[in-house]
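Every read-out reported here was derived from the displayed coordinates using simple, explicitly stated rules and does not represent laboratory data. From a predicted model like this one, the values you see are computed outputs, not experimental measurements. Here Cβ is always computed from backbone atoms with ideal geometry, including for glycine, and neighbour counts include all displayed protein chains.
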Amino acid sequence: MDTNIESVTPSKRSGYRQHSIDFKRMVVEQSLMAGASVSRVARAHDVNANQVFTWRKLFRAGAYEIASGKSVKLLPVVLGDPRQPSPAKPVFTTLHRPA
C-alpha cells in the first residue's frame with residue numbers, strides 16, 4: 001500500500017489586523033442602533049464581539065472623535081413648560097371646486 005503523506009505547515013500569522021478609525025466608528029455606530037446585536041454586527045464585519053465592546057468603550061470615552069478629526073457637536077435644546085399649551089399650528093387646506 002503506497003501512502004503519500006504531505007506535511008502541512010501552519011501558516012504564520014501575519015500579525016494583528018489594524019482597522020481604521022473610520023471602520024471602528026462605523027461598526028460601533030451600527031452596534032449602538034436600536035435592536036442591534038453586538039455579536040451579529042461583529043460577525044457581519046468579521047471581528048470578535050469582545051473587540052466591538054472595547055471599541056464602544058473607547059468611542060464613549062471620546063477616543064475616536066479626537067483620532068479621526070471629526071468631533072460631534074451637540075445642539076442646544078430648549079424645553080418648553082409641558083403645562084402650557086403650545087401655540088396653534090396653522091392648518092393649510094386645499095379647496096376643491098365641484099365639477
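Brief remarks follow.
- Förster-model FRET efficiency, 22 Å R0, residue 49 and residue 74, C-beta, rounded to 0.05: 0.15
- Calculated from backbone phi, Karplus (6.51, -1.76, 1.60) coupling profile of region 36-44 in Hz, x at Gly/Pro: 7, 9, 4, 5, 5, 5, 4, 4, 5
- Quarter of the Cα convex hull surface for region 21-68, i.e. its orientation-mean projected area (nm²): 2.9 nm²
- Cα→Cβ-extended label distance, 7 Å offset, between residue 40 and residue 19, nm: 1.8 nm
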